[in-house]
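Derivation of every value follows stated rules applied to the coordinates shown; laboratory data play no part. In this text, all values refer to a predicted model and were calculated from it rather than measured experimentally. Virtual Cβ from ideal backbone geometry, glycine too; neighbours counted across all protein chains shown.
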Amino acid sequence: MHNKTTNLGAAIKAARKRKHLTQMALSEELGITPRHLQALENESKTPSYALLSRVLSYLDIPADSIFSAGEEAMPETLSKEKEQLLYLIKSNCDERDILVLLSTAIALVNTKEQPPSL
């Protein structure tokens, strides 16, 4: 078991983009350098608790979405893109949206299982 936050960098980047902020603008708001923000988004640095609190608050990222994902929900084998997709779905979709996405995913899988018609 590891105690690393689950995909914090991707969550920060997605929320920043959702708010239409550049790295420069967000770093100024947070009082850090753009290079430091880039390192956080790339997960080559871990923020202090004070900075993490400011980031989550400013970007409206629920803390539980970062800390409660656990290994069962987000296995390490998932790519960053898949983890980011799951985060975006969890944080931005209502029940109806999720049902539409589920139906689409099922249809996609079903078309892959059937041999092409001639």
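Computed extension length for residue 105-residue 44: 18.7 nm, one decimal, from 0.36 nm per residue of separation with the Cα-Cα distance subtracted. Which residues does a label at residue 35 reach in the stretch 8-27, if reach means a backbone N under 17 Å from a point 7 Å past the Cα toward the Cβ? Counting backbone N atoms under 17 Å from the label point, the list is 23-25, 27. Listed by chain and number, the lysines whose C-alpha is less than 28 Å from the C-alpha of residue 45, apart from same-chain residues fewer than 8 away, are 4, 13, 17, 19, 80, 82, 90.
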